[in-house]
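A quick write-up on the structure given underneath.
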Amino acid sequence: MNSAPDTVPDVFSPAALGPVRLRNRIVKAATFEGRTPAGRVTDDLIDFHTTVARGGAGMTTVAYCAVAPEGRTDRHQILMRPDVLTDLSALTDAVHAEARPSARSWATRAPSPTAHPTGCPRSRRSPCPARSACG
């Protein structure tokens, strides 16, 4: 018995992934980017993922995060801990800023304190001293 659909979905059509609405079905799979020295989010990692989003992917995923030190398979993997959450939020905000509004509409969390609008002179990973002035 063949249960395959008669037609293949259009890869460029929007899709739902649980509560998340994606602008298309193109997903950048988790692969080790080699951009996390010392297991930290870097501007290079942010640039890599914003380039993927700017290129039109419906979703990009950060690779190889560990929840415990003994779970790391590489010493440069991001270890999920409180001191990296701000940087991960900055990465998320930067990727969402590159997405079309329909791809961001599901985000209901509070804005990251490190998010910077275009033109803010501060690094995306540094708290903005003029948040009220620049954003």
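The values are calculated or read from the model by the stated rules, or taken from the named source; none is laboratory data. Small disclaimer: the values here were computed from a predicted structure and weren't measured. Reconstructed Cβ throughout: ideal geometry from the backbone, glycine too, with neighbour counts over all protein chains shown.
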Would the range 9-16 turn up any residue that is closer than 18 Å to VAL95 by Cα and within 16 Å of the chain's Cα centre (by Cα)? no
Here is a list: ARG40, ARG23. Which entry is in contact with a Pro (Cβ under 8 Å, 6 or more places away or on another chain) and not hydroxyl-bearing (Ser, Thr, Tyr)? ARG23
Quick one: which of ALA30, ALA16, ALA38 is surrounded by fewer than 15 Cβ atoms within 10 Å (Cβ to Cβ) and part of a strand (DSSP E or B)? ALA16
Turns out the helices (runs of 4 or more DSSP H) fully within the range 41-135 with at least 3 residues that are under 19 Å from VAL20 (Cβ atoms), at pLDDT 85 or above and of a type in the set (Lys, Arg) are none
Determine the pairs where a residue that is closer than 20 Å to ARG35 by Cβ and among the polar types (S, T, N, Q), located within the range 62-76, has a partner that is crowded, with 16+ Cβ neighbours inside 10 Å and modelled with pLDDT of 90 or more with Cβ atoms under 8 Å apart, the partner being 6 or more residues away or on another chain. THR73/ALA66
